[in-house]
Amino acid sequence: MDKPQPNDHEGWMRYAMQLAQRSPPKPTNFRVGAVLVDASNNIMATGYTLEFQDNVHAEQVCFMKLAREVDTPEEKLQDKLPSGLSLYTTMEPCSKRLSGNLPCVKRVLRLKSCIKTVYVGVVEPETFVAKNTGKLELQDAGIEVVHVPGLEDEILKIATAGHIQG
């Protein structure tokens with residue numbers, strides 16, 4: 001995968017889509033990709049749904065990888081990261097997890113001193129959890145949420161592969 005140019009939001013979203021395609025298709029998950037980029041356009045971390053064992057989401061994987069890289073618990077990651085980061089995720093970060101894991105929006109909020117903007121491809125469909133409040137929670141905390149338009153159909157096709165159609 002080639003690294004997109006700075007401010008190429010569609011390019012970064014397509015990068016995240018390529019990550020999402022690595023996620024195994026299952027009827028119980030959306031296939032999501034995420035990439036965390038610093039202010040100099042360098043990739044800090046990438047992730048996709050179910051990249052690690054257990055029911056891990058794309059954003060969660062990004063933060064787990066970073067925590068390992070800087071040898072700190074994920075809960076203290078904000079102390080080790082620069083400010084001005086951008087998170088590109090194919091789907092709005094979840095606000096509720098049926099698995100009992102910490103929702104992705106809460107993970108992003110722990111990094112609000114570092115993450116300036118979250119770019120999303122689609123809002124989370126109400127397939128598993130109704131009324132995702134991720135976007136609103138991020139905006140209320142001062143994190144800009146930007147929709148990257150034009151890729152919704154492609155993202156949803158990737159995200160729902162493995163779902164029972166009917």
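The values are calculated or read from the model by the stated rules, or taken from the named source; none is laboratory data. All figures in this text were calculated on a predicted structure; none of them were measured in a lab. Quick reminder, even Gly has a Cβ in these numbers, built from the backbone with ideal geometry, and neighbours come from all protein chains shown. We work out accessible area using only protein heavy atoms, side chains counted, and drop any ligands, DNA or RNA first. Shrake-Rupley method; radii C 1.70, N 1.55, O 1.52, S 1.80 Å.
Odds and ends about this structure:
- Virtual spin-label span in nm between R68 and N7, 7 Å along Cα→Cβ: 3.5
- Ordered by solvent-accessible area of protein heavy atoms (1.4 Å probe), largest first, the residues D8, D54 come out as D54, D8.
- The spacing between the stretch 14-30 and the stretch 62-76, judged by their C-alpha centroids, is 22 Å.
- Whether the stretch 1-137 is rounded, prolate or oblate, judged on the alpha carbon gyration tensor where a/c under 1.5 counts as rounded: rounded
- Residue of S83, S40, S95 that the Gaussian network model of the chain assigns the largest fluctuation, springs spanning Cα pairs under 10 Å: S40
- Listed residues A45, A58, A34, most fluctuating in the chain (Gaussian network, C-alpha, under 10 Å): A45
- Unsatisfied cross-links (Cα-Cα over 29 Å) in the set K26/K96; K26/K116; K76/K96; K3/K157; K76/K157: K26/K116; K76/K157
- Amide H partners (placed H, <5 Å) of T160, local residues excluded: R31
- Residue of G142, G150, G33 that the Gaussian network model of the chain assigns the largest fluctuation, springs spanning Cα pairs under 10 Å: G150
- Extension gain from F52 to Q139, taking 0.36 nm per residue of separation minus the Cα-Cα distance: 28.4 nm
- Computed accessible area, V129, all protein chains, 1.4 angstrom probe, square angstrom: 20
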